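Nothing in this text is a laboratory measurement; each read-out follows from the coordinates by a stated rule. Small disclaimer: the values here were computed from a predicted structure and weren't measured. Backbone-built Cβ (ideal geometry, glycine too); neighbour counts: all protein chains shown.
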Amino acid sequence: MDDKDSTWCYFANHIFLPHKLPQKDDLDIIKEHDLCCLVYDSAVSYKNSLPIDQQLRWESITRMLENLCTSQMSPTLSEDSIRQAMAKMRSGGMPLLHLVFF
C-alpha cells in the first residue's frame with residue numbers, strides 16, 4: 001500500500017470506523033495533522049458554499065479547526081502553540097486542543 005492509500009485508510013479508520021479494543025495504537029502525528037487539515041478544509045468549503053448571512057455561524061468553527069491544525073503540527077502540545085491559539089482568539093472564541101493521555 002502506498003503512502004496516499006495508507007493515509008486514506010487512516011482517515012477512514014479515524015472518521016467512520018469505531019475503535020475496537022484492544023487494538024494497537026496507530027497514532028501517526030503527520031496523518032493526524034493531515035486529518036485535521038482535511039476537516040478544516042472541508043468546513044471552510046462548506047462555509048463558503050452557504051449564503052453570506054449563514055457563513056458567520058461557521059466562522060468560529062473554522063477558526064477552532066484552524067487552531068487544531070496548528071496544534072497538531074508537533075507530536076507534543078507546546079507552550080508556543082497554546083500561546084498562538086490564544087493570541088488568534090477573538091471575543092467569545094475558544095481554543096480547540098487535542099489532548100491524549102497515556
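On the basis of the beta-carbon distance and an R0 of 35 Å, S49 and D5 show a calculated FRET efficiency of 0.75. Near W8: Cβ cut-off under 12 Å, other residues only, Lys/Arg at +1 and Asp/Glu at -1. The net charge is -2. For the pair D41 and A87 in one chain, pulling the backbone fully straight at 0.36 nm per residue adds 14.4 nm over the alpha carbon distance. As a rough guide to protection, the peptides 48-58, 31-41, 5-15 ranked by mean Cβ packing within 10 Å, highest first, stand as 31-41, 5-15, 48-58.
Here the Kirkwood formula puts the hydrodynamic radius of segment 34-90 at 12.0 Å, using every distinct Cα pair.
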